[in-house]
1. Specify which of the listed residues (B:Gly83, B:Gly5, B:Gly101, B:Gly72) is within 19 Å of the chain's Cα centre (by Cα), within 14 Å of chain A (Cβ to nearest Cβ) and under 30 Å from A:Tyr76 (Cβ atoms).
2. Could you tell me which of the residues A:Leu178, A:Leu210, A:Leu226, A:Leu196 is over 22 Å from A:Pro150 (Cα atoms) and modelled with pLDDT of 75 or more?
3. Among the residues that make up the range B:21-29, is at least one of them of a type in the set (A, V, I, L, M, F, W, C), closer than 26 Å to B:Gly226 by Cα and surrounded by fewer than 16 Cβ atoms within 10 Å (Cβ to Cβ)?
4. Could you grab me the full set of residues in the range A:128-153 that are farther than 19 Å from A:Val176 by Cβ and not in a loop (DSSP other than H, G, I, E, B)?
5. Is it the case, given these coordinates, that A:Thr62 is closer than 24 Å to A:Gly3 by Cβ and touching an Asp or Glu at 6+ places or on another chain (Cβ under 9 Å)?
6. Residues A:Leu154, A:Leu138, A:Leu161: which one is modelled with pLDDT of 90 or more and farther than 17 Å from A:Tyr96 by Cα?
7. Got a number for residues in the range A:180-191 being closer than 11 Å to A:Thr35 by Cβ, buried (at least 21 other Cβ atoms within 10 Å of the Cβ) and not hydroxyl-bearing (Ser, Thr, Tyr)?
8. Return the total of residues in the range A:13-27 being among the charged types (D, E, K, R), surrounded by fewer than 20 Cβ atoms within 10 Å (Cβ to Cβ) and assigned to a strand (DSSP E or B).
Amino acid sequence: MTGETYLSANEVGKTYGDVTALSDVSLDVPADAVTGLIGPNGSGKTTLLRVLLGLERPTGGTVEYHGPDAVRRLGYLPQRPTFRPGFSVRETIGFYADLVDDDPDRLLERVGLADVADRPVDGLSGGMTRLLGIAQALAGDPPVVVLDEPASGLDPAMSELIFDVVASIADEGRAVALSSHELSLVERTADRLAVLESGAVVTVDTPEALRERTGGPLHETFTSLLDRDDAVVTAAEVGDA
Amino acid sequence: MSHAGRFWTVFVRELRAAVRTRAYLGLLAVLAAALFGVARAGGGPAGGYVPTVVDLLVVVEVLVPTVAFAVGYRAIADPADRGELDVLETYPLPSWAYVGGVYAGRSAVLLALVGLPLAALGVHVATTAGPETTVFASHRGVDSPLLYLRFLALTLWYALIALSLAFVLSALAGSRGRALVLALAGLLVVTVGGDVAVFAGLDGGLVTSETLGGALAMTPAGAYRGLVFDQVLYVAVPGRSAFVSGAVAVGSLLFWWVGSLVATELVTDAR
């Protein structure tokens with residue numbers, strides 16, 4: 001189920017000196033849906049998310065927000081969320097909630113961290129830190145939520161929990177854009193998938209439609225869509241851009 | 001919530017963090033020991049407030065920026081390193097409210113670190129100085145606690161200026177490693193670099209004996225020293241006048257203070 005477009009990238013380009021991180025990328029991020037970005041390391045997923053967020057200025061093209069008015073339009077979970085040490089979970093989320101007049105307890109309950117509210121934030125596991133990051137991304141009830149590798153480095157059970165939370169965020173009517181290498185979880189959660197390679201969008205389609213291209217699992221379609229040699233060269237040139 | 005409210009939220013978080021940072025207590029103890037040690041070694045407290053200021057001035061010129069840089073050198077670099085600044089960009093938090101809140105919070109810490117030992121030293125002088133030390137300096141040559149209060153006020157202002165310089169370097173650094181290197185370099189420039197540059201200019205003919213006072217007042221340390229001489233030491237010494245213009249020194253300190261904070265805001269905003 002996808003709604004109206006809340007965020008759109010129109011022919012976006014991004015270069016760092018001689019290195020092209022994004023080239024002529026157009027992508028819509030609709031409401032009530034999860035839009036997944038998949039692609040090899042260095043394909044431009046994180047750069048595209050940062051451009052969508054306004055954290056990186058594109059060298060070409062535009063990014064437009066079409067969603068409803070909100071005190072905070074875009075929520076963001078960075079790839080490795082790190083919080084200021086010395087504070088409890090509740091104090092940490094309380095800081096972000098205060099900035100947008102939100103209720104910190106509601107945010108903690110939303111991601112299942114209410115029971116560890118008094119725990120020091122630097123004593124959280126990787127998965128709990130990621131959940132706290134998602135709670136932070138939801139502060140102020142932003143219509144668009146952008147998640148960069150929300151489950152990277154987590155055990156399978158925690159990854160599954162994170163993706164369940166992500167799916168429920170979209171079910172509340174938000175537009176969710178995420179990048180991930182967890183193909184099975186992305187396939188299960190995303191309503192649309194954009195495959196990136198060398199800074200360009202190779203294709204955008206539903207997971208079902210992509211699977212039908214090869215008749216096998218998504219990773220086979222993914223592999224068949226990419227020029228692997230080129231992907232490796234790109235990854236070496238731009239790192240994990 | 002208004003932007004002023006968001007400024008307050010950032011300020012309160014800084015204060016909470018400071019209260020929980022036990023290292024600040026150690027810094028306070030070391031600074032107090034150093035200031036009392038220097039003053040007692042010089043015999044200033046027994047002589048009065050002005051002799052105490054004479055004992056302290058050179059040490060304070062170095063110690064206060066050092067403490068200010070210790071308090072502020074990671075103020076912007078740390079959240080940049082953690083990715084917190086990127087996250088905060090998605091909030092309706094203007095960079096002036098963020099930088100201002102962090103600066104206000106760390107200023108409160110710094111004012112306590114510098115002000116408490118100096119105030120305690122003032123009390124110590126009051127209890128040990130001779131009878132010629134009076135409350136009001138009615139004419140030149142008379143010692144007074146009001147002169148010490150002037151010294152305290154100027155020193156606290158100097159501390160805030162050094163903190164703002166640490167902030168702009170922290171914003172430029174963008175990472176903890178670079179922040180440390182830039183802070184050490186900045187500290188050297190603030191404590192000795194300015195004077196060295198002026199005297200190099202004097203040696204090279206760029207600065208003359210007529211313009212020496214003005215040149216010294218251009219640096220934060222020189223301006224602070226000049227104001228202490230003008231407003232504290234020479235008040236108690238008949239027949240002496242300041243070696244820098246008070247107005248130029250105040251203008252210079254305002255420039256470094258406001259300029260550094262504006263630069264910090266611009267650098268943070270442009271990230």
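1. B:Gly101
2. A:Leu210
3. No, there is no match, as no residue in the range B:21-29 is of a type in the set (A, V, I, L, M, F, W, C), closer than 26 Å to B:Gly226 by Cα and surrounded by fewer than 16 Cβ atoms within 10 Å (Cβ to Cβ).
4. A:Met128, A:Thr129
5. Taking the combined requirement at face value, the residue satisfies it.
6. Every option except A:Leu161 fails the conditions.
7. 2
8. 1
The values are calculated or read from the model by the stated rules, or taken from the named source; none is laboratory data. These numbers come from a predicted model, not from an experiment. With ideal geometry, Cβ positions are generated from the backbone for all residues, glycine too; neighbour counts draw on all protein chains shown.
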